[in-house]
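Shown next, in structure tokens, is the structure this report addresses.
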Amino acid sequence: MRIGGNARYYAEIASENDVEEAWRKAQELHVPLIVLGGGSNTVFADGTVNALVARIGAGDVKIEGDTVIVEAGKNLAMLLNELAENGLDLSALTGIPGMVGGAVFGNAGQGPNGVWMDTFVQSVTVFVEGKWKTFSREDCEFSYRGSVFKEMKGAPIIWRATLRVPRRPAKEVQADIERLLRKRMETQPHRKTAGSCFKAVGKTPAWQLIDRANLKGEKFGGIQVSEKHANFLLNTGEATFCDVERAIREIRTAVVEPLDVEMRLYSQDGSTTGNAECAQ
């Protein structure tokens, strides 16, 4: 979305040792550890964010039959294409931005009744509260755009996922990826956005609730509700973090059914509660 300031501390993570070192450093500095892959669905406050922001760069992939072992920093779109060349079908996740770690963390997928990341996950290796742990699929407690990792304290760092991926002729998988990409381009915006903002609590998709409230195209300072897909907030040019918070607050007020916020908003103190100066 191209909104936000600078991290007080920043680290690139390429190995398990780097993970442990970043965690220890955050403890020593007494600041939150914020873990990023591609940074989708994440907006930072303007100014300086008092946290250690760590970006996972490790993206190795091992294919053993229909089992795929992939590190969290692997770009999801690149993984889909590489697996397609080997006749492995993750095409249902086409068009989802970000990295594998984020897709596991948020159980990325296509709509409430679609296919989700948990369909393929067998186990996940995570560093949490100073220890390495392996979670089975059941341990992950996947739900609609959710997982146990979202509820954990201590900034869990998803490091590796073991997937079981069905086989299909490579040409068929590649054709489906191209078809689904065209559909995404037709139905969703692809400029200065952090992705889907809201998650519906009930059965009606968030975009339909926002559309019914006649909020498509509505502007909140420098933020606009996309006219193409109402669950996307766009930066029209000079939007601020406060504009994002205002848009979220007013949309939730206008919509008749409750909406959960899926987007992660980090304030200047590194928390996800929002900036005090933005409060109304």
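Taken together, the values in this text are just the output of simple stated rules run on the coordinates, not laboratory data. What you see is a predicted model, and the numbers here were worked out from it, not measured in a lab. Cβ placement follows ideal geometry from the backbone for every residue including glycine, while neighbour counts extend to all protein chains displayed.
Pairs of Cα atoms nearer than 8 Å and 6+ residues apart set the relative contact order; for the chain it is 21 percent. A simple charge model with +1 on the Cβ of Lys and Arg, -1 on the Cβ of Asp and Glu and nothing else charged puts the dipole of segment 61-175 at about 140 debye relative to its Cα centre. Legend: ranking of residues 30, 190, 229 from fewest to most surrounding C-beta atoms inside 10 Å; resulting order 30, 190, 229.
Net charge of the neighbourhood of residue 22, taken over other residues with C-beta under 13 Å away and scored Lys/Arg +1, Asp/Glu -1, is -3.
Let me know the shape class of segment 61-175, please: from the alpha-carbon gyration tensor, a ≥ b ≥ c as square roots of the eigenvalues, rounded when a/c is under 1.5, otherwise prolate if a/b is greater than b/c, or oblate. The shape class here is prolate. The slack in the chain from residue 172 to residue 139, taken as 0.36 nm per residue of separation less the alpha-carbon distance, amounts to 8.6 nm.
In the structure displayed, which of 25/150; 25/199; 62/203; 150/216 lie more than 31 Å apart, Cα to Cα? Beyond 31 Å between Cα atoms: 25/199; 62/203. Output the antiparallel fraction of DSSP beta bridges having both residues in the chain, as a percent to the nearest 5. If I count the DSSP bridges inside the chain, around 70 percent turn out antiparallel. Of the residues 9, 266, the one with the fewest other Cβ atoms within 10 Å heads the list, and the complete ranking is 9, 266. Of the GluC sites (Glu not before Pro) in segment 177-269, the ones in a loop by DSSP (not H, G, I, E or B) with at most 11 other beta carbons within 10 Å are 238. Diagonalising the gyration tensor over the Cα atoms of the chain and scaling each eigenvalue by 5 before taking the square root yields semi-axes of 29, 26, 16 Å, largest first. Rounded to the nearest 500, the helix-only mean residue ellipticity at 222 nm of the chain stands at -8000 deg cm²/dmol, with each DSSP H run of n ≥ 4 adding -39,500 (n - 2.57). In this Cβ point-charge picture (+1 for Lys and Arg, -1 for Asp and Glu), segment 190-278 has a dipole of about 320 debye about its Cα centre. Output the relative contact order of segment 61-175, whole-number percent, from Cα pairs under 8 angstrom with separation of 6+ residues. It comes to 35 percent, rounded to a whole number.
Remark: the Cα gyration tensor places segment 114-253 in the oblate category, a/c being 1.5 or greater and a/b not exceeding b/c. Taken about its Cα centre, the chain carries a charge dipole of roughly 560 debye when the Cβ of each Lys and Arg holds +1 and the Cβ of each Asp and Glu holds -1.
From the Cα gyration tensor of segment 190-278, with a ≥ b ≥ c the square roots of its eigenvalues, which class applies: rounded if a/c is under 1.5, or else prolate if a/b is larger than b/c, or else oblate? It comes out oblate by the Cα gyration axes. Think of segment 190-278 as a dipole: +1 on every Lys or Arg Cβ, -1 on every Asp or Glu Cβ, centred on the Cα centre; then among 210, 268, 240, 210 lies furthest on the positive end.
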